[in-house]
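Visitor: Sending over a structure as structure tokens; questions will come in a sec.
Taken together, the values in this text are just the output of simple stated rules run on the coordinates, not laboratory data. The shown structure was predicted, so the numbers you read here are calculated from the model rather than taken from an experiment. Neighbour counts are summed over all protein chains in view; Cβ atoms, including those assigned to glycine, are modelled from backbone coordinates with ideal geometry.
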Amino acid sequence: MSDASFLQWPFFDQTHRDFARDLEDWAKANLDRVCPEDEAHGPAMDETARRLVRELGKAGFLAASIPKAYGGRAKDFDVRAICLGREILGRHAGLADFAFAMQGLGSAAITLFGNDAQKSRYLPKVGKGELIAAFAISEVDAGSDVGNMSTRAVRDGDHYVIDGGKTWISNAGLADFYTVFARIGDESGAKNLAAFVVDADTPGLTVSERIDVIAPHPLGSLTFDNMRVPAANMLGQPGEGFKVAMSVLDVFRTTVGAAALGFARRAMDEALARVFKRKVFGSKLADYQLTQAKIAEMAVAIDASALLIYRSAWTKDVKGGRVTREASMAKQFATDQAQVVIDEAVQLWGGLGVVSGVKVETLYREIRALRIYEGTSEVQKLVIASKVFEEYRNET
């Protein structure tokens with residue numbers, strides 16, 4: 001671990017320090033085998049992602065996203081452990097972070113709103129890496145604007161018939177089940193939405209395309225054609241879909257910031273190695289004040305991001321309730337600052353920094369999506385402002 005001093009901050013207890021140490025040791029010993037660099041993209045990527053989920057489950061690390069009653073670490077989520085997991089795995093391999101994170105995101109609605117039967121059926125196997133989960137909410141015209149969702153679910157006896165589609169779905173084609181959001185009424189906006197657990201082999205569900213992005217991971221679109229889903233598969237109550245989605249994001253937006261922090265820490269490691277090795281005009285890059293200024297700014301951005309991330313995670317774990325403001329701050333600041341840190345690392349590497357496959361070049365591609373998914377940086381700023389306004393009105 002490049003800089004583990006933050007683990008001594010009061011946000012953590014000894015179980016979190018042990019988790020971080022164990023995961024770091026596991027990653028060093030196993031990731032080259034489980035997630036070889038040449039198999040983290042291309043035709044082998046899907047099987048690599050499956051293998052990562054299986055191995056992370058066997059090693060016990062997926063328990064961070066599973067309730068204690070079903071084999072997990074904490075009552076609902078151990079958000080600090082999830083953040084540590086994403087930070088550590090993100091520093092080692094982007095696909096490893098993806099595999100770890102999606103198990104939590106894809107099953108979180110079941111944890112928060114599922115009944116005992118739903119939890120018993122899915123959560124233990126998710127925690128063991130035996131089932132792969134996915135979260136299906138985005139549509140072509142309904143990304144951050146969830147209220148513009150057009151997928152419809154119509155009640156038909158003891159089933160709902162779902163028609164429509166989703167896109168930008170991580171684990172599309174790999175998942176054993178999806179948390180699918182659909183409109184169940186005619187009213188527009190965020191009302192009358194519902195969430196359903198849908199098994200991947202449900203008739204009428206097809207993976208209509210795979211989507212290639214600049215930092216490859218399993219991503220695609222789903223189509224629902226007269227798909228019949230038992231009414232018993234609904235999570236929560238009819239009309240609670242927006243509440244379900246926002247409650248999930250309230251937990252996992254913080255962890256997106258943690259993944260960005262992992263990327264930024266790796267970029268710092270790569271930058272330091274480079275500036276102490278490379279000589280320019282007879283001196284090491286590290287000897288120049290311009291270089292020192294860049295490194296200082298990178299270090300401040302990393303520590304500030306970590307403080308926001310683990311404040312948010314600690315608040316959720318210890319204080320409970322909603323942490324919308326804290327999570328949005330953590331996600332927006334950490335992802336934007338990681339982009340800056342990685343860009344500076346590329347600059348310090350010079351021409352080699354833009355050579356395909358060099359680590360800083362890989363990080364440059366990997367960080368970009370984090371400023372978009374689970375709410376763009378612009379949306380996070382609107383959320384933060386709305387919470388600041390709300391607090392001001394309540395005080396005046």
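Visitor: Considering the chain as a Gaussian network with a 10 Å cut-off on Cα pairs, which listed residue, G147, G72, G351, attains the greatest mean-square fluctuation?
Guide: Maximum among the listed residues: G351.
Visitor: Also, quick follow-up: Would you work out the charge dipole size for the chain about its Cα centre, treating the Cβ of every Lys and Arg as +1 and the Cβ of every Asp and Glu as -1, and quote it to the nearest 20 debye?
Guide: The dipole magnitude comes to about 800 debye.
Visitor: Here's a follow-up. What is the range 1-77 by shape, rounded, prolate or oblate, if you read a ≥ b ≥ c off the alpha carbon gyration tensor as root eigenvalues and call it rounded for a/c under 1.5, prolate for a/b larger than b/c, and oblate otherwise?
Guide: oblate
Visitor: Where q = 0.14, 0.17, 0.21, 0.26 Å⁻¹, what log10 of I(q)/I(0) comes from the Debye formula for the range 246-321, counting one point per Cα?
Guide: Reported log10 I(q)/I(0), two decimals: -0.57, -0.71, -0.89, -1.14.
Visitor: Moving to a separate point now. Provide I184, I82 in ascending order of the number of other Cβ atoms located within 10 Å of each residue's Cβ, fewest first.
Guide: Starting with the residue having the fewest Cβ neighbours, the order is I184, I82.
Visitor: To continue, here is another question. Quickly estimate the mean residue ellipticity at 222 nm for the chain, helices only: each DSSP H run with n ≥ 4 gives -39500 (n - 2.57), and the total goes over all residues, rounded to 500.
Guide: One gets -17500 deg cm²/dmol as the mean residue ellipticity at 222 nm.
Visitor: Here's another thing I want to ask about it. If a/c stays under 1.5 just call it rounded; otherwise compare a/b with b/c (prolate if a/b is bigger, oblate if not). Do that for the range 242-395, with a ≥ b ≥ c from the square roots of the Cα gyration tensor eigenvalues.
Guide: In terms of gyration-tensor shape, prolate.
Visitor: In the chain, if the dipole is taken from +1 on Lys/Arg beta carbons and -1 on Asp/Glu beta carbons about the Cα centre, which of V256, L272, V341 is farthest to the positive end?
Guide: Projecting each Cα onto the dipole axis, the largest value belongs to L272.
Visitor: Going through the cross-link list K68/K125; K359/K381; K294/K316, which pairs have a Cα-Cα distance over 24 Å in this structure?
Guide: Check vs 24 Å cut-off fails for K359/K381; K294/K316.
Visitor: Counting other C-beta atoms within 10 Å, which of E187, E395, E209 has the fewest, and how do the rest follow?
Guide: With the sparsest Cβ surroundings first, the list reads E395, E187, E209.
Visitor: If you don't mind, another one. Can you give me the Cα centroid spacing of the range 42-68 and the range 1-23 in angstrom?
Guide: Using only Cα atoms, the two centres lie 21 Å from each other.
Visitor: Using Cα positions and a limit of under 19 Å, work out the aspartates and glutamates in reach of K387, with same-chain residues fewer than 8 apart set aside.
Guide: Cα-Cα hits under 19 Å: D145, D250, E326, E374, E378, E395.
Visitor: Give the angle, between 0 and 90 degrees and rounded to the nearest 10, that separates the Cα long axis of helix 79-92 from the longest principal axis of the Cα atoms of the chain.
Guide: 50
Visitor: Okay, next question. For every other residue with a beta carbon closer than 13 angstrom to the beta carbon of D97, add +1 if it is Lys or Arg and -1 if Asp or Glu, then tell me the sum.
Guide: +2
Visitor: In what sequence, highest mean first, do 112-122, 282-292 appear when ranked by Cβ atoms within 10 angstrom?
Guide: 112-122, 282-292
Visitor: Give the value in nm², to one decimal: projected area of the alpha carbon convex hull of the range 135-241, averaged over all directions.
Guide: Taking the Cα atoms of the range 135-241, their convex hull projects to 6.3 nm² on average.
Visitor: Name the residues of the range 108-145 whose amide N is less than 11 Å from a point 7 angstrom out from the Cα of S208 along the C-beta direction?
Guide: In the range 108-145, the label zone of S208 (backbone N under 11 Å from the point 7 Å along Cα→Cβ) covers 139-141.
Visitor: What spacing in nm lies between the two simple spin-label points modelled at I372 and Q347, each 7 Å away from Cα in the Cβ direction?
Guide: My value for the distance between the label points is 2.4 nm.
Visitor: Determine the equivalent ellipsoid of the range 5-132 by diagonalising the alpha-carbon gyration tensor, then write out the semi-axes as square roots of 5 times the eigenvalues, largest first, rounded to whole Å.
Guide: The equivalent ellipsoid of the range 5-132 has semi-axes of 23, 20, 10 Å.
Visitor: Would you calculate the volume per residue, in Å³, of the smallest convex hull containing every Cα atom of the chain?
Guide: It is 141 Å³ per residue.
Visitor: Here is a further query. Where in the range 132-197 are there trypsin sites (Lys or Arg not before Pro) that are in a DSSP coil and have at most 14 other Cβ atoms within 10 angstrom of their Cβ?
Guide: Listed in order of number, the matching sites are K191.
Visitor: Cut-off 10 angstrom, C-alpha nodes, Gaussian network model of the chain. Which of A99, A273, A190 fluctuates the most?
Guide: Comparing A99, A273, A190 in a Gaussian network model of the chain, the most mobile one is A273.
Visitor: Treat each spin label as a single point 7 Å out from the Cα along the C-beta direction, and report the D38 to E130 distance in nm.
Guide: 3.5
Visitor: Calculate the all-directions average of the projected area of the range 203-305's alpha-carbon convex hull, and give it in nm².
Guide: Over every viewing direction, the Cα hull of the range 203-305 projects on average to 10.6 nm².
Visitor: Right, next: Just to confirm a number: summing +1 for Lys and Arg and -1 for Asp and Glu over residues other than G185 whose beta-carbon lies under 10 angstrom from that of G185, what do you get?
Guide: With Lys, Arg at +1 and Asp, Glu at -1, the neighbours total +1.
Visitor: Which one of T324, A153, A286 is farthest out on the positive end of the charge dipole of the chain, using unit charges on Cβ (Lys, Arg +1; Asp, Glu -1) and the Cα centre as origin?
Guide: Of the candidates, A286 comes out farthest on the positive side.
Visitor: While we're on this one: Please report K316, K28 as a ranked list, fewest other C-beta atoms within 10 angstrom at the top and most at the bottom.
Guide: In order of increasing Cβ crowding within 10 Å: K28, K316.
Visitor: For the residue pair D145 and E390, what label-to-label distance in nm results when each label sits 7 Å from Cα along the Cα-to-beta-carbon direction?
Guide: Taking the two extended label points, one gets 2.2 nm.
Visitor: Now for a different question. How many percent of Cα pairs in the range 167-218 exceed 18 Å?
Guide: For the range 167-218, the fraction of Cα-Cα distances above 18 Å is 44 percent.
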